[in-house]
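Enquirer: First the structure, which I've put down as structure tokens, then a few questions once you've had a look.
The values are calculated or read from the model by the stated rules, or taken from the named source; none is laboratory data. Remember, it's a predicted structure, so these values are computed and weren't measured experimentally. Neighbour counts run over all protein chains shown; Cβ positions are idealised from the backbone, glycine included.
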Amino acid sequence: MSIAQFADASFAYPGNELLIGASLLIRPGDRLALVGPNGTGKSTALRLLAGDLQPDGGDVRVLGRASVSYLRQSQELTGDGTLRGALMEPFADLERLQTELGAIEGRLSAGDPAGASQAGHAADLVRYGELQERYQRDGGYDVEARVKRLTSDVGFSEGDLARPVGTLSGGERGRLELAKVLVRQPDLLLLDEPTNHLDLAAIERLEAFLAEYAGAFVLVSHDRAFIRAVCREIVELENGKLVRYPFGYDKYVVERDARLERARAEFERQKEHVDKTEDFIRRNLAGQKTKQAQSRRKMLEKLDRLERPDDQWQHAGKIGLSFQTGGELGSKETLRAPGLTVGYAGAPGVPAATILRDVTVNIYRGDKVGIIGPNGSGKSTLLRTLIGELPPLGGRVEIGSGVRIGYFDQKLGTLDEELTLMDEIRSVRADLSPDAVRQYLAKFRFFEDDPFRLVRGLSGGERSRLAMAKIMLFPRNVLVLDEPTNHLDIPARETLEDALQAYEGTLLVVSHDRYFLDRICTRLLVIEGTSVEAHLGNYSDWRRRKLTSVEPPKLAAPAAPARAPSAESAGRAVDKEKERARRQLARRVETLEADVSKIEAELAAVRADLASDHAGDWQKLHTLADRERELDALLARRMTEWEAASATLLNRPATSSD
């Protein structure tokens, strides 16, 4: 049984074929990630499913009476009404039912002041029962709770429900539209970049929501950690086809490469066969084996020739990112900021807006530091203060000698909308000739007439590539990057990560991309409220410690004095039983800790093997990927057991026999 399908579907914009005979069945409960480099047609495929576009050929449709909700990348909300009103729009029928139920309740509770007939009273009772049954069946009693939960999940408070839609920022509008789509709970969710505008906590709440979701969903996302967490299968848009991989993201990456290798081998085998056959035909067409040569020529004419496989991911990732330090790494203490107060100075007569207080930050040469925290917590403000872009409200920032900072602004404010790409590069390096600029821009996938385009006409991804190109024009021994993966597709993100891993300088980065933070960062600055705490390790290390931390046990209240020997004896017996149970639990905790350590060690070894040169041994890679997935699941189970046992042990005070 299927709820939606692509059947031999084709679609093209002028000069750009996106779908060419694409087919895919979407079944109830499917959790699909639609992946591919930018420009391959992922958003177009969702628009076709949603009915916003019609295919040029074939068929794209939702089957039967399946309901669909579609989250678009760009939202156009009107300025009318409140958040609550916007979220209740899908439930207009339920609100009408509620109004009618209220009217009938009013008549019934008022009695029969006008002397209405008994028949009318009976009709009201029948109608009330019918409406109440429908209201309950359609979830009317749960709607308000669902709305409140989802507004919280996407980062709004309950008080925000009364805010006018017109007062929302662009990011808040995106979060509201996500809540509107999710609250409907349709049979099929279509989600185009659902993690845009969400902070890390909200992304994890969305993951929890989708993990429990009863319907099917198809999502487009460049957030690899998000895809890994929620999608069971991957669908790649490859050369106009929809290729389904029946497993999660990590195994998909391995299998995609293996599939490409098989296709290349098949192409080479066919090419070798064709070359040998053509050679036979040339040598024997006019000789004794003429008939054989003619037969083979006819066979070649009928042969379905394979095209040389093209790795679209490798092509999309060809960006000339290489960050150089110039050989001088700067002083050991790259940046020092004791007792910092961060915020914005007020205008005359207006008090300053303090965001962070008593912040101490020490960045040392070679550090790779990530800054994380909720939306609006001051991540970018802290970053700008640390590099001198914004003066502190209190305290000071000391930048080490020999430090040369390259700054990537997430708003891309370093780009001039009215300049061409060539002029942007020459604004930093006026010594470069036009030909040299064209060659330089080609490293960032700007070809032909691209250097003469105006910045205002660039897409988000193109702007990011241009901003990175400007940073690289001079060696920098400190890179300060504010959301550098925004607008980048997965191949470009992987290229950026590779370049930053190879970078010998110091890195300070704000990001909500957990996959990126795990690959790059060795330390974190975590913003919580108005304070900043430093943590060793990457995002997963910090998250694991946070999940496994348990509040220390509260002191037990002093026992009442014994009143009689019998009570004292009974108390001792109970104490012994409690002590035996506590010791068993302690042994269980120790066993689980040993299990976790052993699993983590094996998992690290498996991942090291996966990262090493596999020399074309795909079977070994498949086995390793399967083992990694098994160990990941086993580790999660053991960690859950350990957390529960530890929490119980910590909250069970020891008896006097200790």
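Enquirer: Can you find, within the range 94-112, the residue that is surrounded by the fewest Cβ atoms within 10 Å (Cβ to Cβ) among those that are touching a helix residue (DSSP H, G or I) at 6+ places or on another chain (Cβ under 9 Å) and within 29 Å of Arg175 (Cα to Cα)?
Expert: Checking each candidate, the answer is Glu95.
Enquirer: I've got another one for you. Give, as residue ranges, the helices (runs of 4 or more DSSP H) completely inside the range 442-551 that count at least 2 residues that are within 30 Å of Ser597 (Cβ to Cβ).
Expert: Fully inside the range 442-551 and qualifying: 490-502, 514-520, 539-548.
Enquirer: Shifting gears a bit: If we scan the range 308-320, do we find a residue that is touching a residue at least 60 places away in the same chain (Cβ under 8 Å) and touching a Phe, Trp or Tyr at 6+ places or on another chain (Cβ under 7 Å)?
Expert: yes
Enquirer: Moving on to the next point. Which of the residues belonging to the range 54-69 are among the aliphatic types (A, V, I, L, M), at pLDDT 95 or above and touching a Ser or Thr at 6+ places or on another chain (Cβ under 7 Å)?
Expert: Once the filter is applied, which keeps residues that are among the aliphatic types (A, V, I, L, M), at pLDDT 95 or above and touching a Ser or Thr at 6+ places or on another chain (Cβ under 7 Å), the range 54-69 yields nothing.
Residue-by-condition table, conditions (1) in contact (Cβ under 8 Å) with a residue 40 or more places away in the chain; (2) more than 30 Å from Met468 (Cα to Cα); (3) surrounded by 15 or more Cβ atoms within 10 Å (Cβ to Cβ):
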| residue | (1), (2), (3) |
| --- | --- |
| Arg259 | no, yes, yes |
| Arg282 | no, yes, no |
| Lys298 | no, yes, no |
| Lys302 | no, yes, no |
| Thr325 | yes, no, yes |
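Enquirer: Let me ask another. Can you tell me how many residues within the range 502-536 are within 30 Å of Ser646 (Cα to Cα) and either touching a Ser or Thr at 6+ places or on another chain (Cβ under 7 Å) or of a type in the set (Val, Ile, Thr) (or both)?
Expert: Qualifying residue count for the region: 6.
Enquirer: Separate question: Test of understanding: among Arg282, Arg305, which residue is of a type in the set (D, E, K, R) and part of a helix (DSSP H, G or I)?
Expert: Every option except Arg282 fails the conditions.
Enquirer: Taking Leu210, is it outside any helix (DSSP H, G or I), at pLDDT 90 or above and out of contact with any Cys (no Cβ under 6 Å at 6 or more places or on another chain)?
Expert: Considered against the rule, which asks whether it is outside any helix (DSSP H, G or I), at pLDDT 90 or above and out of contact with any Cys (no Cβ under 6 Å at 6 or more places or on another chain), Leu210 comes out as no.
Enquirer: Need the failing condition index for Leu198 against (1) touching a His at 6+ places or on another chain (Cβ under 8 Å); (2) assigned to a helix (DSSP H, G or I), just the number.
Expert: (2)
Enquirer: I'd like to check something: does the range 541-551 contain any residue that is in contact with a Pro (Cβ under 9 Å, 6 or more places away or on another chain), at pLDDT below 90 and over 24 Å from Arg404 (Cβ atoms)?
Expert: Within the range 541-551, not a single residue is in contact with a Pro (Cβ under 9 Å, 6 or more places away or on another chain), at pLDDT below 90 and over 24 Å from Arg404 (Cβ atoms).
Enquirer: I'd like to verify a number: residues in the range 383-440 that are hydrophobic (A, V, I, L, M, F, W, C) and in a loop (DSSP other than H, G, I, E, B), how many?
Expert: Selection size over the range 383-440: 10.
Enquirer: Could I ask something else about it? When the residues of the range 225-257 are narrowed to those that are closer than 23 Å to Phe6 by Cβ and either assigned by TED's automatic domain parsing to the domain that holds Glu494 or of a type in the set (Gly, Ala, Ser) (or both), which ends up surrounded by the fewest Cβ atoms within 10 Å (Cβ to Cβ)?
Expert: Result: Gly240.
Enquirer: Would you confirm whether or not the range 172-181 contains a residue that is over 26 Å from Ile227 (Cα atoms), among the hydrophobic types (A, V, I, L, M, F, W, C) and at pLDDT 85 or above?
Expert: no
Enquirer: Same structure, new question: Could you pull out the residue among Gly406, Gly402 that is surrounded by fewer than 19 Cβ atoms within 10 Å (Cβ to Cβ) and either small (Gly, Ala, Ser) or not assigned by TED's automatic domain parsing to the domain that holds Ala534 (or both)?
Expert: Of the residues listed, the single one that is surrounded by fewer than 19 Cβ atoms within 10 Å (Cβ to Cβ) and either small (Gly, Ala, Ser) or not assigned by TED's automatic domain parsing to the domain that holds Ala534 (or both) is Gly402.
Enquirer: Return the residues of the range 1-42 that are polar (S, T, N, Q) and surrounded by fewer than 21 Cβ atoms within 10 Å (Cβ to Cβ); say none if nothing qualifies.
Expert: Ser2, Gln5, Ser10, Asn16, Ser23, Asn38 - these are the residues of the range 1-42 that are polar (S, T, N, Q) and surrounded by fewer than 21 Cβ atoms within 10 Å (Cβ to Cβ).
Enquirer: Sticking with this one: When the range 412-427 is examined, which residues are found to be surrounded by 12 or more Cβ atoms within 10 Å (Cβ to Cβ) and out of contact with any Pro (no Cβ under 7 Å at 6 or more places or on another chain)?
Expert: Within the range 412-427, Leu412, Thr414, Leu415, Asp416, Leu419, Asp423, Glu424, Ile425, Arg426, Ser427 qualify.
Enquirer: Ok, one more. Would you please list the contacts, defined by Cβ atoms under 6 Å and residues six or more apart or on different chains, that run from a residue in the range 417-429 that is more than 14 Å from Ile471 (Cα to Cα) to a residue that is in a helix (DSSP H, G or I) and among the aromatic types (Phe, Trp, Tyr)?
Expert: So the pair list comes out as Thr420/Phe452.
Enquirer: Restricting attention to the range 428-468, which residues are of a type in the set (S, T, N, Q) and exposed (fewer than 14 other Cβ atoms within 10 Å of the Cβ)?
Expert: Passing the criteria: Ser433, Gln439, Ser459.
Enquirer: Test Lys276 against the criterion of being in contact (Cβ under 8 Å) with a residue 12 or more places away in the chain and either over 16 Å from Asp310 (Cβ atoms) or not hydroxyl-bearing (Ser, Thr, Tyr) (or both), and give yes or no.
Expert: In short, no.
Enquirer: Then there's this: Condition check: in a helix (DSSP H, G or I) and either aliphatic (A, V, I, L, M) or at pLDDT 75 or above (or both). Does Arg607 satisfy that?
Expert: For Arg607, the condition - in a helix (DSSP H, G or I) and either aliphatic (A, V, I, L, M) or at pLDDT 75 or above (or both) - is met.
Enquirer: Let me ask something additional. List the number of the failed condition for Thr334; all other conditions in (1) surrounded by 19 or more Cβ atoms within 10 Å (Cβ to Cβ); (2) under 29 Å from the mean Cα position of the chain (by Cα) hold.
Expert: With respect to (1) surrounded by 19 or more Cβ atoms within 10 Å (Cβ to Cβ); (2) under 29 Å from the mean Cα position of the chain (by Cα), Thr334 is out only on (2).
Enquirer: Ok, one more. Could you go through the range 639-646 and let me know if any residue there is on the phi < 0 side of the Ramachandran plot and modelled with pLDDT under 65.
Expert: no
Enquirer: Are any of the residues in the range 18-34 over 22 Å from Leu188 (Cβ atoms), part of a loop (DSSP other than H, G, I, E, B), at pLDDT 95 or above and in contact with a strand residue (DSSP E or B) (Cβ under 7 Å, 6 or more places away or on another chain)?
Expert: no
Enquirer: Would you be able to tell me the number of residues in the range 304-323 that are more than 30 Å from Val478 (Cβ to Cβ) and either in contact with a Ser or Thr (Cβ under 8 Å, 6 or more places away or on another chain) or loosely packed, with under 11 Cβ neighbours inside 10 Å (or both)?
Expert: 5
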